[in-house]
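Input: a single structure, listed below in structure tokens.
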Amino acid sequence: MSKAAPSSPLPSQVWLRNCEKETVEPIEGKLTGKLPEWLNGRLTRNGPGRIEFGDTRINHLFDGTAYIHQFNIIDGKVTYQSRYLNSDTYKKNKKADRIVVSEFGTAAYPDPCKTLLQRFMSAFTPISKAEPTDNCLVNVCYFGDQLYALTETRNLRRIHPETLDVVGEKVSLVNFLSLSLSLSHIYVCVCVCVCAVHLCMTISPSDIRSISRTSTGKKISSIQQAEIVSAIPCQWKMYPSYYHSFGITENYFIFVEQPYVFNLKRFLLNHYMGKPYFSAVEWYPDQKTKFRLVHRKTGEMVKTVYAANAFLTFHHTNAYEKDGQLVIDLASMKDGEAVNALMMKNIENPDFVSEPATMPTHWRFVLPLDVQKAPENTNLITLEGTKCTAYKRPDQTVEVHGQSLSSQYFDLQRINYKYNGKEYQYAYGVEVNPKGSIFSRLVKMDVNSGETTLWHEEGKVVSEPVFVAAPGAIKEDEGVVLSTLLDMNNTRFVALLVLDPVTWTEIARVEFEANGTVTSSFHGLFAATNEKIHMY
């Protein structure tokens, strides 16, 4: 636990901001340029809005208090509003004026009114009875017509799409799926019914990763209709891998089992010693990163194990099948120390610079699908234009080697979602500055050529770009890309930025002056007006 710093050593560092006053009621902004007439809907974003309570402060960027931002576009007029996610965690921390609920990298601060004996005894609360945080600060998504905030625990919070206030009590997936954790990224599929697919997992010595699906085909809440479609045993029983997202194609779910793992023994020990869970995460660079495939229709796991040299990934870009092979694109880091760079002590240190190996770049892997009768020690990749290779070894493992598409730092990547699981050409993301982990520039990448185009404005910080396709669009990059701008010096400034995906130039922006300090965000989505299905 850290004591709050008396003042920020980096006034321009947006990750160190605390929003002291919400902008609950929508405010209208100043438009420059021209918005497309067809662009109507809500851009909702989620991220940390506060790093301090009283004289206690979070230790890791992933532990900030969830804060929801929203831009509402109606017939050429845009409003902005924002507010804290009114979770149980937020209310407890605010009431106590200190951090009382443990997060990923921050342990709860002990009650100063308790005696040493009382503090000692309270540390022995069984982990089975410990309620995980509902501080859902990472992402937002729709299950049917219901908007939810997500994080990497079993708890979700439903949000009213107009007021941004929470609706009802927290939703715990354990009530429907008997699982411990959930990922912050989902896929929305339109097949026989509309369903959302995401990965959940148990935390136990016999760790199981499970794919769950929620359907909107019935009248009851889609969350209550959640079902397990597959269960995959973890290769290291006491060391389950960390996951943030996964891939999906027409026929497969794709999981990257990386040697960035939770040491369950240390995890339990930390719980009873009042230490953060983050200190139980370990990186094993000598182990392989493995691709696990699951058939979408049957839920059966493909027996073939595909192994690559160790890498860490947070975000999948896209994946698709072609000529009997599976193409997987993702943001990759060669060193698991990347998560350590997001400790607040590093973010606030003006001299700290992340090592190149911990910075994300865009990589492609190609997996041959039918390898049962394939020859050993022969490159099985036949796709044209790729340098990726795959060799079946005597133990039947397929050794894969990926291809770096670009040396450009690139993460929080998004695509035209209509091309999800299909062959595509363009991805959009942010450049992460190794000094302070600031989102400094917007990146457009041609994944076929590796060519990148950058957008930047001096003194501004960008956010994850969200692609919105134009109605009736024929071309992949026909539409707009939405992002937000923060000013490094004016803490109340926020703007909605609208870019042309083809030219990667600004079409329009709408600038606002919020009621209080505006903080940065991680992920978000756009929900178009009169749209029946809100895709990601």
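Listed by Cβ neighbour count within 10 Å, with the fewest neighbours leading, F314, F352 appear as F352, F314. Remark: the range 280-297, residue by residue, has Karplus-estimated 3J(HN,Hα) of 9, 8, 10, 10, 10, x, 7, 8, 8, 8, 10, 9, 10, 10, 10, 5, 5, 6 Hz, where x stands for each Gly or Pro and the curve is 6.51 cos²θ - 1.76 cosθ + 1.60 at θ = phi - 60°. Per-residue Karplus couplings for the range 462-470, computed as 6.51 cos²θ - 1.76 cosθ + 1.60 with θ equal to phi - 60°, are listed in order as 9, 10, 3, x, 10, 7, 10, 6, 6 Hz, Gly and Pro entered as x.
For A357, what charge total do you get from the other residues with a beta carbon under 13 Å from its beta carbon, if Lys and Arg give +1 and Asp and Glu give -1? After counting each charged neighbour, the total is -2.
Among the GluC sites (Glu not before Pro) in the range 236-307, those located in a DSSP loop and surrounded by at most 15 other Cβ atoms within 10 Å of their own Cβ are E250, E300.
Exceedance of the 23 Å cut-off in Cα-Cα distance is limited, within the set K34/K532; K275/K334; K373/K418; K21/K92, to K34/K532; K275/K334; K373/K418. You can think of it this way: the chain between D446 and A473 has 7.8 nm of extra reach, that is 0.36 nm per residue less the Cα-Cα gap. Remark: the Cα gyration tensor places the range 446-533 in the oblate category, a/c being 1.5 or greater and a/b not exceeding b/c.
3J(HN,Hα) along the range 518-534, derived from phi through the Karplus expression 6.51 cos²θ - 1.76 cosθ + 1.60 where θ = phi - 60°, amounts to 9, 9, 7, 9, 9, 10, x, 8, 10, 10, 6, 4, 6, 7, 6, 10, 8 Hz, with x in place of Gly and Pro. Using Cβ point charges alone (K and R +1, D and E -1), the dipole size of the range 224-341 about the Cα centre works out to roughly 380 debye.
Throughout, read-outs are computed from the coordinates displayed, never taken from laboratory work. Since the model is a prediction, treat every value here as computed from it, not as a measurement. Using ideal geometry, Cβ is built from the backbone for each residue, glycine included, and neighbour counts are taken over all protein chains shown.
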